[in-house]
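This report refers to the structure that appears directly beneath it.
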Amino acid sequence: MPDAWYPCVGRSRQGPGLERLIVQITTDEMRPVQEEPTYETATDRGCVCGAVRYEVTHKPTRVYACHCTDCQRVTTSAFSIGVSVPGEAFRVTGKELQPVPGGITEGGRAKTRWVCPDCGIWICGGVKVGTEPPDYTRHVRGGTLDDTSWLRPTLHFFARSKQPWVILPEDATVYEAAPPRA
Ligand SMILES: [Zn+2]
Ligand SMILES: [Zn+2]
């Protein structure tokens, strides 16, 4: 695979109005040796119910894990995984995302989570999709990708609140709190 990055590909699997896209993104570092997933092997999902699908047309600029208490609460897990891409490279198909509260930053700013209106799955944060200012970075929730096998966070945020049993890789870039703004 000479160029490991390839944009999303998709096909329609259901009736009109519910286009189903298979999102496949990868990079050289993240999946060094693996056959490309095919339509037959890729898991078909975006949100859980399938009403929201999205496409990403640029390779991720970073993959990170956030161990903040908001992410722990929202995911009901130990951390969330974020995939950062240029704002214009992320577009939603199917139903429009709905904004819901996502907690408060240390600076006092209210965070927004954008979720599927039907099943409530968290797709991304930030400004409304389609209203990104220039040079905007979109943080997509990694678990909603069709193929998550290549996700390996190299940055860890809010390590101060990580669960004690989470052992970070020695080569990881670790921030005790929020990272510098990307
Ligand atoms: Zn849904
Ligand atoms: Zn977080």
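The values are calculated or read from the model by the stated rules, or taken from the named source; none is laboratory data. The model shown is predicted, which means the values in this text are computed figures rather than measured ones. All Cβ positions, glycine included, derive from the backbone under ideal geometry; neighbour counts span all protein chains shown.
Based on this model, can you work out whether R73 counts as over 13 Å from the mean Cα position of the chain (by Cα) and more than 16 Å from ligand 1 (Cβ to nearest atom)? Spell out how you get there, then give the answer.
Numbers: over 13 Å from the mean Cα position of the chain (by Cα): yes; more than 16 Å from ligand 1 (Cβ to nearest atom): yes.
Yes, satisfied.
Just give me the residues in region 77-93 being within 13 Å of ligand 2 (Cβ to nearest atom) and either touching a Gly at 6+ places or on another chain (Cβ under 8 Å) or among the acidic types (D, E) (or both), in sequence order.
Passing the criteria: S80, I81, G82.
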Report task. May I ask you to list the residues in region 109-147 that are surrounded by fewer than 18 Cβ atoms within 10 Å (Cβ to Cβ), within 16 Å of ligand 1 (Cβ to nearest atom) and not in a loop (DSSP other than H, G, I, E, B)? Result -> G143
Report summary line: The residue from K128, K111 that alone is away from ligand 2 (no atom under 16 Å from the Cβ) and either of a type in the set (G, A, S) or over 20 Å from C49 (Cβ atoms) (or both) is K128
Query - Exclusive hit being farther than 18 Å from D147 by Cβ and at pLDDT below 60, set P99, P32, P86, P16 - result: P16
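I'd like the full set of residues that are farther than 30 Å from R160 by Cα and free of Cβ contacts under 8 Å to residues at least 40 places away in the same chain, limited to region 59-92.
Across region 59-92, the qualifying residue is only R91.
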Report task. Sort out which residues of region 56-71 are at pLDDT below 90 and buried (at least 18 other Cβ atoms within 10 Å of the Cβ), and write them in order of number. Result -> V56, K59
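Pick out the one residue from E106, E96 that is in a loop (DSSP other than H, G, I, E, B) and within 16 Å of ligand 2 (Cβ to nearest atom).
Working: E96 fails: within 16 Å of ligand 2 (Cβ to nearest atom).
Result of the check over E106, E96: E106.
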